[in-house]
2 protein chains.
Amino acid sequence: MDSTSQPTPGKPVRGSKTGQPIMVIFDLLGRSWAMGIIWHLNNGPSTFRRLQKYCENISPTTLNTRIKELTKAKLIIRTVDGYTLTDHGLQLFKLIHPLGKWAKNWAKNYQDI
Amino acid sequence: MDSTSQPTPGKPVRGSKTGQPIMVIFDLLGRSWAMGIIWHLNNGPSTFRRLQKYCENISPTTLNTRIKELTKAKLIIRTVDGYTLTDHGLQLFKLIHPLGKWAKNWAKNYQDI
DNA sequence: TCCATACACTACAAATTATGTAGCAATACT
DNA sequence: AGTATTGCTACATAATTTGTAGTGTATGGA
């Protein structure tokens, strides 16, 4: 089945052997669409299909893998209304939220590539 | 040679077709070791080998690819002292900096996986 | 109840990325 | 000149992501 390695504090992660929390979170968030999912869920609970649609047709395989990882990491949880951010997840969202404004500014100053 | 797609505002990125800045930055930062590199460079300029060592022996291939991408994105730049954060890069670091503290707390509350 | 939808996934093969080892050219030092 | 270090590149293997198709389960009428 799915043998993706779950980034876990204290255990080696993709790239990092020490399992420092920051490296663990970098690994977790560094996987495809992880931040996008958290970003979207801030708008409220979402079903699998809606999430998939929002994430510009992310493949169901990847979405499902990401959901499992984020759930194990206790950043999201499944409720009757769909997937939702946990308290931890919400805190994390608040931390990455400023990236939105920064990214727009960065994009504006982005030239001649 | 290396045909990695550079995440660029306004252009489709890995996963996102609209090229919204936040999605672009998620793609860029979501690649292996990207955030780790920025994290480390906050400690001052670093040479290729030192960076490699710091990033727990990231493969030179990946490091080089990441360096090229981050340089094109104007987040880092090469100086006589080694690779350094640009102003944009420093701003970005400041935004992700709180993740360190958050991650430690998250890791503490992380159980029964 | 039977049929049609819609949802939440799973299977699986192909494409893209990352890793790890080896090594090369350029500079610095002795 | 000889040696060491740095900044990479080559290349084969491994891991991740994608895309398409399809399965099983609920829900909603007719």
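Considering only Cα-Cα distances, which of the following residue pairs are longer than 30 Å: A:Lys68/B:Lys53; A:Lys74/A:Lys108; B:Lys53/B:Lys108; A:Lys108/B:Lys68? With Cα atoms farther than 30 Å apart: A:Lys68/B:Lys53; A:Lys74/A:Lys108.
Using Cβ point charges alone (K and R +1, D and E -1), the dipole size of chain B about the Cα centre works out to roughly 60 debye. The label-point distance for B:Val80 and B:Asn43, in a model that sets each label 7 Å from Cα toward Cβ, rounds to 2.4 nm.
Label-point spacing at A:Ile67 relative to the other copies reads 4.1 nm, in ascending order, each point sitting 7 Å out from Cα along Cα→Cβ. The trypsin sites (Lys or Arg not before Pro) of the range A:4-113 meeting both criteria, a DSSP state outside H, G, I, E and B (loop) and at most 14 other C-beta atoms within 10 angstrom of the site's C-beta, are A:Lys17. Evaluating kT/(6 pi eta Rh) at 37 °C and 0.692 mPa s, with the Kirkwood radius of the range B:21-97 over Cα pairs in the Stokes-Einstein relation, gives 269 µm² s⁻¹.
If you place +1 on the Cβ of every Lys and Arg, -1 on the Cβ of every Asp and Glu, and leave all else neutral, what size is the dipole of the range A:68-113 about its Cα centre, to the nearest 20 Debye?
40 debye
In deg cm²/dmol and to the nearest 500, what is the mean residue ellipticity at 222 nm of the protein assembly as shown if only DSSP H runs of at least 4 residues count, each as -39500 (n - 2.57), divided by the residue total?
Using -39500 (n - 2.57) per qualifying helix, the result is -15000 deg cm²/dmol.
Counted residue by residue at 0.36 nm each, then reduced by the alpha carbon distance between them, the extension gain from B:Ser59 to B:His97 reaches 11.2 nm.
One decimal place: the segment B:Asn105-B:Thr71 gains 9.0 nm when fully extended, by the rule 0.36 nm per residue minus the C-alpha distance. Here B:Phe48 yields copy-to-copy label distances, from shortest upward, of 4.6 nm, the label point defined as 7 Å from Cα along Cα to C-beta. Residues whose amide H lies under 5 Å from that of A:Ile76, counting only those 5 or more places away or on a different chain, are A:Thr71, A:Thr86; hydrogens are built 1.01 Å from N in the peptide plane.
Just so you know, all these numbers are worked out from the coordinates, no wet-lab data involved. Being a predicted model, the structure only gives us computed values, none of them experimental. Note: ideal-geometry Cβ built from the backbone for every residue, glycine included; neighbour counts use all protein chains shown.
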